Amino acid sequence: MTGIYHSTFVIERIYDATPVRVFKAFSDEKAKAMWFGGPADVITSGQSFDFRIGGHETQAGLWPDGRKTEFDCLYYDIEPNQRIVYTYEMKINGERMSVSLAAIEIFAEGSKTRLKLTEQGAYFDGPDGAKGREHGTNWLMDKLGASLAAPVPA
């Protein structure tokens, strides 16, 4: 039996977009596809998107080195333009590497939006998995920022 490592991290960002637009980047399948997922060289498959309380979101990716990753999410609480609470598990090559509880809070800051993401995780691959998750989540929040900076599609 392998050990378990617990970790919590908080990421905050200010985006030059309204809370409505930031929330839509999570709640709309096409808007989320603009930023959520692995690097460009990862082949994405097995996607589903059901953004509602009790809904599931899944995504699988095949990496250039042959690894297969799986993301499986369940939404527990959604307050439009304010809050999203969900759990998710990550697997690599079919083996669970982590289970997390995440809360996204969205706050108006003048004409901008402050996003606060708090994640608590149980990692089955040790502390490096937790560090990697925080790094990867920061990378995703940067990608979110870039997608919000792009012109709004007509």
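Structure above, values below:
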| read-out | value |
| --- | --- |
| Within segment 95-128, tally of residues that are at pLDDT below 90 and either crowded, with 18+ Cβ neighbours inside 10 Å or under 17 Å from TRP35 (Cα atoms) (or both) | 1 |
| Unmet requirement for LYS30, which otherwise passes all of (1) within 30 Å of GLY110 (Cβ to Cβ); (2) out of contact with any Lys or Arg (no Cβ under 9 Å at 6 or more places or on another chain); (3) surrounded by fewer than 13 Cβ atoms within 10 Å (Cβ to Cβ); (4) modelled with pLDDT of 95 or more | (4) |
| Check on VAL85, under 15 Å from the mean Cα position of the chain (by Cα) and either within 23 Å of ALA149 (Cβ to Cβ) or in a loop (DSSP other than H, G, I, E, B) (or both) | no |
| Candidate set from segment 101-154 (those that are polar (S, T, N, Q) and part of a helix (DSSP H, G or I)); member that is farthest from TYR86 (Cα to Cα) | SER147 |
| Single match in THR113, THR8 (criterion: polar (S, T, N, Q) and over 17 Å from LEU140 (Cβ atoms)) | THR8 |
| Any hit, segment 41-58, residues being surrounded by 18 or more Cβ atoms within 10 Å (Cβ to Cβ) and within 25 Å of LEU148 (Cβ to Cβ) | yes |
| Cβ pairs under 9 Å, 6+ apart, first in segment 116-140 and of a type in the set (Lys, Arg), second in a strand (DSSP E or B) and loosely packed, with under 14 Cβ neighbours inside 10 Å | LYS116/VAL10; LYS116/GLU12 |
| Residue match in segment 119-130 (condition: polar (S, T, N, Q) and in contact with a strand residue (DSSP E or B) (Cβ under 8 Å, 6 or more places away or on another chain)) | yes |
| Pairs where the first residue, in segment 28-40, is free of Cβ contacts under 8 Å to residues at least 60 places away in the same chain and within 15 Å of MET141 (Cβ to Cβ) and the second is surrounded by 16 or more Cβ atoms within 10 Å (Cβ to Cβ) and of a type in the set (A, V, I, L, M), C-beta under 7 Å, 6+ apart | LYS32/ALA25 |
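The values are calculated or read from the model by the stated rules, or taken from the named source; none is laboratory data. Quick caveat, the model's predicted, so the values are computed rather than measured. All Cβ positions, even for glycine, are placed from backbone atoms using ideal geometry, and neighbour counts span all protein chains on display.
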